[in-house]
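Heads up, the thing below is written out as structure tokens.
The values are calculated or read from the model by the stated rules, or taken from the named source; none is laboratory data. Here the structure is a predicted model, which means the values were calculated and not measured. Using ideal geometry, Cβ is built from the backbone for each residue, glycine included, and neighbour counts are taken over all protein chains shown. Just the protein is used for accessible areas: all its heavy atoms, side chains included, with ligands, DNA and RNA removed. Shrake-Rupley method; radii C 1.70, N 1.55, O 1.52, S 1.80 Å.
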Amino acid sequence: MTNLPQKLTTWLTEHAADLQTEGINCDLGRSPDDGRSKASTWLTLESETRLATITVWDSGEAELDYADVARGQAHPEHRDLRTQLDVADAVAALLEWVELPTG
């Protein structure tokens with residue numbers, strides 16, 4: 001399997017400047033390299049009223065969490081990722097969520 005957590009890091013490196021220009025804060029974290037059976041990387045995207053996080057494990061498992069901070073609502077989503085395109089699609093879903101206007 002490809003190194004899917006690294007694909008998430010690469011995506012952020014390529015898009016960080018655009019996100020900042022759009023007013024979207026981002027934060028990237030990684031599990032420690034301490035011999036765990038599954039390593040992970042997570043990315044949080046945050047706009048003024050919405051927050052979204054994706055955690056990707058090297059097994060291809062991914063958890064996406066969406067939150068509307070203003071309304072106090074949240075919902076999770078599980079995905080099984082296999083390719084870099086799967087990672088890009090999952091991140092696109094998060095980005096769409098944080099960019100949606102509230103109303």
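Numerical summary
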item: From the options D89, D33, D65, D80, residue that is among the charged types (D, E, K, R), out of contact with any Cys (no Cβ under 6 Å at 6 or more places or on another chain), free of Cβ contacts under 8 Å to residues at least 60 places away in the same chain and surrounded by 14 or more Cβ atoms within 10 Å (Cβ to Cβ); result: D65
item: Matching residues, segment 45-57, being in a loop (DSSP other than H, G, I, E, B) and crowded, with 16+ Cβ neighbours inside 10 Å; result: S47
item: Condition broken by L19, with the remaining ones in (1) touching a Gly at 6+ places or on another chain (Cβ under 9 Å); (2) at pLDDT below 95; (3) surrounded by 16 or more Cβ atoms within 10 Å (Cβ to Cβ) satisfied; result: (1)
item: Selected residue (criterion: nearest to A92 (Cα to Cα)) from residues of segment 50-72 that are small (G, A, S) and at pLDDT 95 or above; result: A52
item: Hey, G72 open to solvent by less than 80 Å² (accessible area, probe 1.4 Å) and at positive phi or not; result: yes
item: Qualifying position, being of a type outside the set (D, E, K, R) and over 13 Å from the mean Cα position of the chain (by Cα), among T41, T49; result: T49
item: All positions within segment 1-27 that are under 15 Å from A62 (Cα atoms) and either without any contact (Cβ under 8 Å) to a residue 24 or more places away in the chain or under 15 Å from the mean Cα position of the chain (by Cα) (or both); result: L4, P5, Q6, K7, L8, T9
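Matching residues to (1) surrounded by fewer than 16 Cβ atoms within 10 Å (Cβ to Cβ); (2) in contact with a strand residue (DSSP E or B) (Cβ under 6 Å, 6 or more places away or on another chain):
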| site | (1), (2) |
| --- | --- |
| E14 | yes, no |
| S37 | yes, no |
| L43 | no, yes |
| L95 | no, no |
